[in-house]
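Novice: To start, I am sharing the structure in question, which I have written as structure tokens.
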Amino acid sequence: MDGSAVPMIRFSLNGSDIGLDVETGERLSASLRERCGAKDVKIGCNAGDCGACTVLVDGEPVCACLTATAQAAGRVVETVSGLIASVEGRALGEAFQNHGAAQCGICTPGMIVSAVAWMRSGEGSVEDALGGVLCRCTGYRKILDAVAEAAAGGVEPLNGSGAMGTSIRRLDGADKVSGREQFGDDVAGADVAVVHVIRSPFARAAFRFGDLEGFRTHTDGVLAVLTAADVKGRNCFGVIPPFADQPVFAVDEARFRGEAVAAVVGTPDLMARFKDGDFPLMWEELPAVMEPEDAMAKGAPELHSGRANNVMITGFVACGDSAAALDAATVQVVGTFETGFVEHAYIEPEAGFADIVDGRVEVHACTQAPVMDLDSLEEILALDRSQIRVVPTGVGGGFGSKLDISVQPFLAMAAQAINGPVRINYSRGESMQSTTKRHPAKMSVQIGADVDGMLSGMRFDGVFNTGAYASWGPTVANRVPVHASGPYHVKDYRAEAVGVHTHCPPSGAFRGFGVPQAAIAQEVLFDELAAKLGLDPLEFRVRNALKNGMPTVCGQVFEQGVGIGACFEALRDAWKNALVEVEEFNAKGGVVRRGVGIAAGWYGCGNTSLPNPSTIKVGVRLDGQFVLHQGAMDIGQGANTVISQIFAQALGFDVHDLELIGADTDVTPDAGKTSASRQTFVSGNAARLSGLALRAEILRRCNVESASARIAAGDGVVIVTDGAAVHKVALAGLDVDGDGYVLRSEESYDPPTKPLDQNGQGVPYAQFGYAAHLAIVDVDMELGTVTPVRFVAAHDVGHAVNPMLVEGQVHGGIAQGLGMALMEEFIPGRTENLHDYLIPTIGDIPPIETLIVEEPDAHGPFGAKGLGEHVLIPTAPALINAINMAAGVQMRRVPVTPARLRAAILEAEND
Amino acid sequence: MYFQPTTLSQAVRDAQVEGVRILAGGTDFYPSHGDVLPDFPILDISRVDEISGINRTDTGWRIGGGATWTDVIRADLPRGFDGLKAAAREVGSVQIQNMGTVAGNLCNASPAADGVPPLLTLNAEVELVGPDGARRLPLEKFLLGVRKTALTPGEILAGLHVPDTGQAVSGFSKLGSRKYLVISIAMVAVYLIVEDGAISDLRVAVGACSPVAQRLPMLEADLRGARDVRGCVMPMHLSDLSPIDDVRGSGEYRLDVVVPLIERALIAAMEQA
């Protein structure tokens, strides 16, 4: 072509001939999604770093985001929605579901497309073929298992009854493997107005707007401009109301790089070309404080009035007399540990759609907490909550960061401003700049033990960089002192965690709320303490493990359900064998040294001493269909399946016969937020109660009193089978309620907790889950590189609702823990993409053996405990203990990058 | 404007358009200009026949300006190219290798460009074609600094010329913080001929340790005749390197690990000989 005119681009898409007029340089990913409706092509980074957009062009996998649509002219383009019907695609789709290889599902299209290409070519390793697609949920091992099963052929669907304890496929899995699931950016129709947020390029800066009205009226395609002046309600939000401090749009001064100061709503055509430099805005960079010690120093700029020295909050737990116990200790260890910002790096950047429907504001966005989003919108928009509807889309990974609102207020305000539909899709850069992170921590820890190897005093002092706004910082500050002892009996204890504001992005919730950081300090020092005592690290831990009847550091005594001892016992053989293996390996000499490490963790499920009820509703329609209103957000972890299994177990019903209605603030009751490892426990209990209530109602109607009776749906009837007797409850003639139900139940559950006193004594959680990991690593002593060899992970889940999903959580948590330990460190302004910020790839996760321990919990539904966060707590310290053993070093800072480890090796050699 | 010529002469004419930018595999083009639509003319050279593929020439090999990393991996090439092939397999991911071109890797001129160290050891020359005809430059004269090359506006990198490699063996080693999709902390390419168990010819290049990857001529000279390279790499051999501190590692670390990286690459290559 000669460039003077852009001719129509013609290519084959999934077997259909396509002709498109495109913009100069338009990316194939954009054309496929926006012009061809192929929303199964996911965009995670727009830079070739994540591979979610992988499609086949003439049979070869390429990133659609790096391909000009014009380059596809005359070619054959295939995406997952087409490939899923191929022989290879079908096998992969079945196998991915069998293994739980799709959790959130956002990377799945890229994975399956890449795997199809590999199966067809037969070239190279699976790892090489899938190495270009990042997954943040699964830890990749299940994906490798699934591809192996598909390649072997003859994939049969996993067949489980669905009863508690059986592995069944995710109930929502089919749409994930076919690319049909709609995520945040997949909902909007064509030609919907686009919202773009204008953000601070500086960590701290004053700003002034120029002629906004002139800009609005004189720029073709601008439909609205939004600033703080347009916030009708409170220009302030926060997940913890007493600490709410974050503006939707900053006023006069921005407090972190990436903070929103304005938004432009424009036509898609304009916004595809819009550059921030065109917006009338003047910046004046101001001195910023990026580290807590600078922020607490005299004369430091105060981020929020009333928070002296930039201290947001201090969490505190003390029992016994730690100073006296430490003084009396036979041996002592001390250490100062440091961790950095960790980015959630879900493959789906924040995105959503909003519209005005019958005068109400409807927001469709990826979220972990739809009702909290509604709470925030109510205040920001100054609208009665009846006028707002929040409908979560599929969530392409959350891990804590999608608990906070991000796109929601921009969408809602923009929809109101133009009185019509709008969409937004964060770029990878703005997602990384502006959304919450794991808190960086500096922790000084001192632990003592007596001559018998029993703990004698522990002191923990942590400073957590909570960034510019509170977000979940108070939760971190409160959770850390409660958990920093680890799952051990520490009679004399003092722990303090201070959250300090800086001009960094807000630190918030990230799988574990600060506990993973604290576990690094405590568990690594435990190994050093064991070494000083001449005790085996596992034996030392077993000796001090918390047992039923022993008080925690909060004085809480569990008479049942304390499973850490069982986790240690589960690892005993693997530990013994690993020690032998390590010795034999290292006896051979060479620059590669092997080490094994062990570490434990515990985690209280649900909010800390605060109410966090869940409600689950079920209805039976006149036609006999059972409908479960399952509002516990499934962000990939499997709540849709687990909550349904628990409900079905209680009802005595086949889980596969349930119809699910997901979270939607109009039709589904609040099941609380997906955080704090609470859904299986809290929403699971609500589901159990709801199931039991409906069961009682149905059995009453047919006069059956039997614990073993099964309930099933028939055509216009409910069938109750009690041994040989079959009863039918006719539904015709029953009153139909406003939801269309003739039978219904709706039950809530709130875990029994008690407030903590000024020393942190009380009942913070109704249940804890427990875990212990064993990691084996190889260290290249010359290069400082770490190659994990394998993991063995023991998890006390009380009662495994779905063992396949349990394993999926364990694998995914280990992958994130490994990333935190070895490679992940977010540096504001420097690593705002997925090639400078590294998360593990498929080649970085070794085999993982999961040992499910079941120490039932009296409060858990059928004994089940939460799991979502426990899974990464022991990983990093287990790895560090293994590295320390292998290399003869004492690592004090994560990530243990090759450069840091090599420096430590050199230092140890010079000592 | 979007130009998609199929001949080199047309491509060169298109390249004269004011402000035009060249697009080949897109793997650096798109990430470098952000998420907005391009507002400049684009010259897509991916359909120019004369610059595709890898071909034998009278004196060696020509890697076309449009040849992708996958083309390198799949080409039937002598062992002297093993280092380049190894580098090709380490470029990003399969997706990147399928689209990204060797020439684009050079034009992008990143200090961490995976292709540069092996191509330096191959004594590659670049073929630049402009309105006034073609010219050739040794690769080390083409790469001028971080993101700087000798490519003048209106020129196209049409190909690379690599002289015959004879009995040479070669190797490549990349050090990064994860397995795939990783930018090098440091990398090493070696190219050598072994006669009667001793090195008779040696070329070593190090990447990501200076603004442009460097050959190490003093080391190359000192190791000629060597039978065992263990412990042979000395700090003085690395005096041309000037590694920086960045998020991937410190300069000090880079200098430190280059030594074992070179030795290991040499030992592995000698075992192949």
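The values are calculated or read from the model by the stated rules, or taken from the named source; none is laboratory data. Note that this is a predicted model, so its numbers are computed, not measured. Don't worry about glycine lacking a Cβ; one is built from the backbone with ideal geometry, like all the others, and counts go over all protein chains shown.
Novice: Quick test for you: out of A:ILE643, A:ILE698, A:ILE711, pick the one residue that is crowded, with 17+ Cβ neighbours inside 10 Å and assigned to a strand (DSSP E or B). It would help to see each step written out before you state the result.
Specialist: Working: A:ILE643 fails: assigned to a strand (DSSP E or B); A:ILE698 fails: assigned to a strand (DSSP E or B).
From the options A:ILE643, A:ILE698, A:ILE711, the qualifying one is A:ILE711.
Novice: Further question on the same structure: Pairs under 6 Å by beta carbon, first residue in the same structural domain as A:ALA775 (by TED's automatic domain parsing) and in contact (Cβ under 8 Å) with a residue 60 or more places away in the chain in segment A:576-594, partner β-branched (Val, Ile, Thr) and outside any loop (DSSP other than H, G, I, E, B), six or more apart or different chains?
Specialist: Note: pairs meeting the criteria are A:ALA578/A:VAL596; A:ALA578/A:ILE776; A:VAL582/A:VAL596; A:ARG593/A:VAL779; A:ARG594/A:VAL582.
Novice: Looking at segment A:462-481 only, could you name the residues that are part of a strand (DSSP E or B) and within 23 Å of A:ARG257 (Cα to Cα)?
Specialist: Pass one, segment A:462-481, residues part of a strand (DSSP E or B): A:462-467.
A:VAL463, A:PHE464, A:ASN465, A:THR466, A:GLY467 - these are the residues of segment A:462-481 that are part of a strand (DSSP E or B) and within 23 Å of A:ARG257 (Cα to Cα).
Novice: Would you say A:ALA354 is surrounded by 24 or more Cβ atoms within 10 Å (Cβ to Cβ) and under 18 Å from the mean Cα position of the chain (by Cα)? Working first, answer last.
Specialist: Details: surrounded by 24 or more Cβ atoms within 10 Å (Cβ to Cβ): yes; under 18 Å from the mean Cα position of the chain (by Cα): no.
So A:ALA354 does not fit the description; no.
Novice: Could you please let me know if A:PRO481 is under 21 Å from A:VAL853 (Cα atoms) and touching a residue at least 12 places away in the same chain (Cβ under 8 Å)?
Specialist: Numbers: under 21 Å from A:VAL853 (Cα atoms): no; touching a residue at least 12 places away in the same chain (Cβ under 8 Å): yes.
Answer is no for this residue.
Novice: Now a separate question. Suppose we filter B:LYS141, B:LYS179, B:LYS148 for residues that are within 14 Å of chain A (Cβ to nearest Cβ) and either surrounded by fewer than 20 Cβ atoms within 10 Å (Cβ to Cβ) or of a type in the set (Phe, Trp, Tyr) (or both); which single one remains? Explain how you work it out, then say what you get.
Specialist: On the way: B:LYS141 fails: within 14 Å of chain A (Cβ to nearest Cβ); B:LYS148 fails: within 14 Å of chain A (Cβ to nearest Cβ).
B:LYS179 is the lone residue from the list that is within 14 Å of chain A (Cβ to nearest Cβ) and either surrounded by fewer than 20 Cβ atoms within 10 Å (Cβ to Cβ) or of a type in the set (Phe, Trp, Tyr) (or both).
Novice: Please specify each residue of segment A:210-229 satisfying the condition of being over 17 Å from A:PRO247 (Cα atoms) and surrounded by 12 or more Cβ atoms within 10 Å (Cβ to Cβ).
Specialist: A:LEU212, A:PHE215, A:ARG216, A:THR219, A:GLY221, A:VAL222, A:LEU223, A:ALA224
Novice: A further question on this structure: In segment A:482-514, how many are under 23 Å from A:ALA244 (Cα atoms) and part of a helix (DSSP H, G or I)? Lay out the reasoning, then the answer.
Specialist: Here is the first cut: in segment A:482-514, the residues under 23 Å from A:ALA244 (Cα atoms) are A:496-514.
Retained after the next criterion (residues that are part of a helix (DSSP H, G or I)): none.
Matching residues across segment A:482-514 total 0.
Novice: Here is a follow-up. Residues of segment A:880-895 being more than 10 Å from chain B (Cβ to nearest Cβ) and outside any helix (DSSP H, G or I), which ones? Walk me through it before giving the result.
Specialist: If we filter segment A:880-895 for residues that are more than 10 Å from chain B (Cβ to nearest Cβ), which is where we start, we get A:880-894.
Of everything in segment A:880-895, those that are more than 10 Å from chain B (Cβ to nearest Cβ) and outside any helix (DSSP H, G or I) turn out to be A:GLY888, A:VAL889, A:GLN890, A:MET891, A:ARG892, A:ARG893, A:VAL894.
Novice: List the pairs whose first member sits in segment B:241-252 and is within 8 Å of another protein chain (Cβ to nearest Cβ), whose second member is surrounded by fewer than 16 Cβ atoms within 10 Å (Cβ to Cβ) and among the basic types (Lys, Arg), and whose Cβ atoms are under 8 Å apart, counting only residues at least 6 apart or on separate chains?
Specialist: B:VAL247/A:ARG830
Novice: Answer yes or no: is there a residue in segment B:65-76 that is touching a residue at least 60 places away in the same chain (Cβ under 8 Å) and either surrounded by fewer than 20 Cβ atoms within 10 Å (Cβ to Cβ) or in a helix (DSSP H, G or I) (or both).
Specialist: No, that holds for no residue.
Novice: While we're here: Can you spot a residue in segment A:842-865 that is out of contact with any helix residue (DSSP H, G or I) (no Cβ under 6 Å at 6 or more places or on another chain), within 14 Å of chain B (Cβ to nearest Cβ) and either crowded, with 24+ Cβ neighbours inside 10 Å or modelled with pLDDT under 95 (or both)?
Specialist: yes
Novice: Turning to a different aspect of this structure: Looking at A:VAL596, A:VAL627, A:VAL620, A:VAL562, which one is in a loop (DSSP other than H, G, I, E, B), surrounded by 18 or more Cβ atoms within 10 Å (Cβ to Cβ) and of a type outside the set (Lys, Arg)?
Specialist: Details: A:VAL596 fails: in a loop (DSSP other than H, G, I, E, B); A:VAL627 fails: in a loop (DSSP other than H, G, I, E, B); A:VAL620 fails: in a loop (DSSP other than H, G, I, E, B).
So the residue among A:VAL596, A:VAL627, A:VAL620, A:VAL562 that is in a loop (DSSP other than H, G, I, E, B), surrounded by 18 or more Cβ atoms within 10 Å (Cβ to Cβ) and of a type outside the set (Lys, Arg) is A:VAL562.
Novice: If we keep just the residues of segment B:15-41 that are surrounded by 22 or more Cβ atoms within 10 Å (Cβ to Cβ) and at the interface with chain A (Cβ under 7 Å from one of its Cβ atoms), which is nearest to A:ALA30 (Cα to Cα)?
Specialist: Per the stated criteria, the residue is B:TYR30.
Novice: Using the structure shown, decide if B:THR7 is loosely packed, with under 15 Cβ neighbours inside 10 Å, β-branched (Val, Ile, Thr) and within 14 Å of another protein chain (Cβ to nearest Cβ).
Specialist: So B:THR7 fits the description; yes.
Novice: If you check B:ASP58 against the conditions, is it more than 8 Å from every other protein chain (Cβ to nearest Cβ), without any contact (Cβ under 8 Å) to a residue 12 or more places away in the chain and in a loop (DSSP other than H, G, I, E, B)?
Specialist: Values: more than 8 Å from every other protein chain (Cβ to nearest Cβ): yes; without any contact (Cβ under 8 Å) to a residue 12 or more places away in the chain: yes; in a loop (DSSP other than H, G, I, E, B): yes.
Answer is yes for this residue.
Novice: Go through segment A:790-841 and give me each residue that's in contact with an Asp or Glu (Cβ under 9 Å, 6 or more places away or on another chain), more than 14 Å from every other protein chain (Cβ to nearest Cβ) and part of a strand (DSSP E or B).
Specialist: A:ARG790, A:PHE791, A:VAL792, A:ALA793, A:ALA794, A:ASP796
Novice: Among the residues of segment A:714-750, what is the count of those that are free of Cβ contacts under 8 Å to residues at least 40 places away in the same chain and in a strand (DSSP E or B)? So that I can check it myself, show each step before the final result.
Specialist: Initial filter on segment A:714-750 (free of Cβ contacts under 8 Å to residues at least 40 places away in the same chain): A:719-730, A:733, A:735, A:738.
Those still in the list that are in a strand (DSSP E or B) too: A:719-722, A:725-730.
Result for segment A:714-750: 10.
Novice: Which of the residues that make up segment B:96-136 are in a helix (DSSP H, G or I) and within 14 Å of chain A (Cβ to nearest Cβ)?
Specialist: The initial filter retains those residues of segment B:96-136 that are in a helix (DSSP H, G or I), namely B:96-99, B:102-108, B:116-121.
If the condition is that a residue be in a helix (DSSP H, G or I) and within 14 Å of chain A (Cβ to nearest Cβ), then B:ILE96, B:GLN97, B:ASN98, B:MET99, B:GLY104, B:ASN105, B:ASN108 are the ones that fit.
Novice: For the condition within 27 Å of the chain's Cα centre (by Cα) and not polar (S, T, N, Q), what is the one hit in A:LEU535, A:LEU610, A:LEU579?
Specialist: On the way: A:LEU535 fails: within 27 Å of the chain's Cα centre (by Cα); A:LEU579 fails: within 27 Å of the chain's Cα centre (by Cα).
Exactly one of A:LEU535, A:LEU610, A:LEU579 is within 27 Å of the chain's Cα centre (by Cα) and not polar (S, T, N, Q), namely A:LEU610.
Novice: Hey, another quick one. Give me the pairs: first residue in segment B:253-271 and closer than 14 Å to A:ASP780 by Cα and at the interface with chain A (Cβ under 9 Å from one of its Cβ atoms), second residue part of a helix (DSSP H, G or I) and modelled with pLDDT under 95, beta-carbon distance under 9 Å, and six or more apart or on different chains, which are they?
Specialist: Filtered contacts from segment B:253-271: B:VAL259/B:PRO235.
Novice: Could you go through segment A:100-107 and let me know if any residue there is in contact with a strand residue (DSSP E or B) (Cβ under 8 Å, 6 or more places away or on another chain) and within 14 Å of chain B (Cβ to nearest Cβ). Full working, then the answer.
Specialist: Taking segment A:100-107 as the starting set, the residues that turn out to be in contact with a strand residue (DSSP E or B) (Cβ under 8 Å, 6 or more places away or on another chain) are A:104-106.
Among the residues that remain, those that are also within 14 Å of chain B (Cβ to nearest Cβ) are: none.
Within segment A:100-107 (the criterion being in contact with a strand residue (DSSP E or B) (Cβ under 8 Å, 6 or more places away or on another chain) and within 14 Å of chain B (Cβ to nearest Cβ)), the answer is no, since none of the residues qualifies.
Novice: Could you list, in sequence order, the residues of segment A:267-298 that are within 30 Å of A:ALA188 (Cα to Cα), touching a residue at least 12 places away in the same chain (Cβ under 8 Å) and part of a helix (DSSP H, G or I)?
Specialist: From segment A:267-298, those within 30 Å of A:ALA188 (Cα to Cα) are A:267-281; that's our starting set.
Going one step further and asking which of them are touching a residue at least 12 places away in the same chain (Cβ under 8 Å), we end up with A:267-272, A:274, A:276, A:278-281.
If the condition is that a residue be within 30 Å of A:ALA188 (Cα to Cα), touching a residue at least 12 places away in the same chain (Cβ under 8 Å) and part of a helix (DSSP H, G or I), then A:PRO268, A:ASP269, A:LEU270, A:MET271, A:ASP276, A:ASP278 are the ones that fit.
Novice: Could you check, for segment B:201-222, whether at least one of its residues is part of a loop (DSSP other than H, G, I, E, B), within 14 Å of another protein chain (Cβ to nearest Cβ) and free of Cβ contacts under 8 Å to residues at least 40 places away in the same chain? Steps first, answer last, please.
Specialist: At the first step, the residues of segment B:201-222 found to be part of a loop (DSSP other than H, G, I, E, B) are B:208-213, B:216.
Still in the list and also within 14 Å of another protein chain (Cβ to nearest Cβ): B:208-209.
Still in the running and free of Cβ contacts under 8 Å to residues at least 40 places away in the same chain: none.
Checked against the condition, which is being part of a loop (DSSP other than H, G, I, E, B), within 14 Å of another protein chain (Cβ to nearest Cβ) and free of Cβ contacts under 8 Å to residues at least 40 places away in the same chain, segment B:201-222 yields no hits at all.
Novice: May I pose another question? Name the single residue that is farthest from A:GLN630 (Cα to Cα) among those in segment A:686-717 being in contact with a Pro (Cβ under 8 Å, 6 or more places away or on another chain) and not charged (D, E, K, R).
Specialist: Going residue by residue through segment A:686-717, those that are in contact with a Pro (Cβ under 8 Å, 6 or more places away or on another chain) are A:686-688.
Checking which are not charged (D, E, K, R) leaves us with A:686-687.
Numbers: A:ALA686: 10, A:ALA687: 8 Å.
Out of the qualifying residues, it is A:ALA686.
Novice: Check off (1) crowded, with 24+ Cβ neighbours inside 10 Å; (2) part of a helix (DSSP H, G or I); (3) facing chain B (nearest Cβ under 9 Å) for A:GLU127 and give me the number that stays unchecked.
Specialist: (1)
Novice: I'd like the full set of residues that are within 12 Å of another protein chain (Cβ to nearest Cβ), over 28 Å from the mean Cα position of the chain (by Cα) and more than 17 Å from B:ASP35 (Cβ to Cβ), limited to segment A:30-60.
Specialist: A:LEU56, A:VAL57, A:ASP58, A:GLY59, A:GLU60, listed by residue number.
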